[in-house]
Amino acid sequence: MAKKKRGNGEEREIKDNVDSWTTSGEGYKDLGKEASSIKSEEEKRKEEEELLKQLQEEIDKLTTKDVITQIMMSLSSLAYKKMGLPVGTNDKFKDKNQAKLAIDGFESLLKVIDEELSAQERENLQASLRNLQLNFVKVFGV
């Protein structure tokens, strides 16, 4: 853009740029970007709300048995870690008392939900308990 020199040259250049900016629509491109940014933020918010709604619906479907079973799986994982298994990976976490507590918790919860389990679920959880107990004896020699 050519400078028109009248009075203060800088002021005239700025005015010419502003005039050109508003008449050519160049300035509105930036406004459009801001508007689309706002729109995308609004879309993101709506998507997050929908995702939270779906997640809440799934949580509402959970039964107490589901939650207890998940806790049992967490206790099983923790027990193996506290037994230092696998060797070489979890050695630093080895703790006999913590491993025993996790296994005892698993066994107690199995008794609590026993009547709610199908035969297959019961067998799977009992097998998990036996494996935990056998590994405990192997690791700690008890």
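Every number here is computed from the coordinates shown, using simple stated rules; none is lab data. These figures come from a predicted structure and were not determined experimentally. When we count neighbours, we look across all protein chains shown, and the Cβ atoms used for this are built from the backbone with ideal geometry, even at glycine.
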> Using the Karplus equation 6.51 cos²θ - 1.76 cosθ + 1.60 (θ = phi - 60°), what ³J(HN,Hα) coupling, rounded to whole Hz, does each residue of the stretch 59-73 give in order, writing x for Gly and Pro?
Replying inline: 4, 5, 7, 4, 9, 4, 4, 4, 5, 4, 4, 5, 4, 4, 5
> Using 1/(1 + (r/R0)^6) with R0 = 30 angstrom and r between the beta carbons of residue 142 and residue 63, what's the FRET efficiency to the nearest 0.05?
Replying inline: 0.30
>> Going by amide H atoms built from the backbone, whose H comes under 5 Å of the H on residue 95, apart from near neighbours?
In response: 83, 84
>> Within 10 Å, Cβ to Cβ, of residue 84, how many net charges do the neighbouring residues add up to if Lys/Arg are +1 and Asp/Glu are -1?
In response: +3
>> Run the simple label-point estimate for residue 126 and residue 53 please: 7 Å along Cα→C-beta, distance reported in nm.
In response: 4.6
>> Using Cβ contacts closer than 10 Å as the measure, can you line up 139, 112 from fewest to most?
In response: 112, 139
>> Can you give the local net charge around residue 136? Use residues other than it whose beta-carbon is closer than 13 angstrom to its beta-carbon, Lys and Arg +1, Asp and Glu -1.
In response: +4
> What list of ³J(HN,Hα) values in whole Hz, one per residue of the stretch 112-126 in order, does the Karplus curve 6.51 cos²θ - 1.76 cosθ + 1.60 (θ = phi - 60°) give from phi, with Gly and Pro shown as x?
Replying inline: 5, 9, 3, 6, 8, 8, 6, 4, 5, 4, 4, 4, 4, 5, 5
>> Over 18 Å between Cα atoms: which of 94/138; 81/111; 65/111; 65/100; 65/94; 111/138 fall into that group?
In response: 81/111; 65/100; 65/94; 111/138
>> Please report the net charge: other residues with Cβ closer than 13 Å to the Cβ of residue 56, K and R +1, D and E -1.
In response: -4
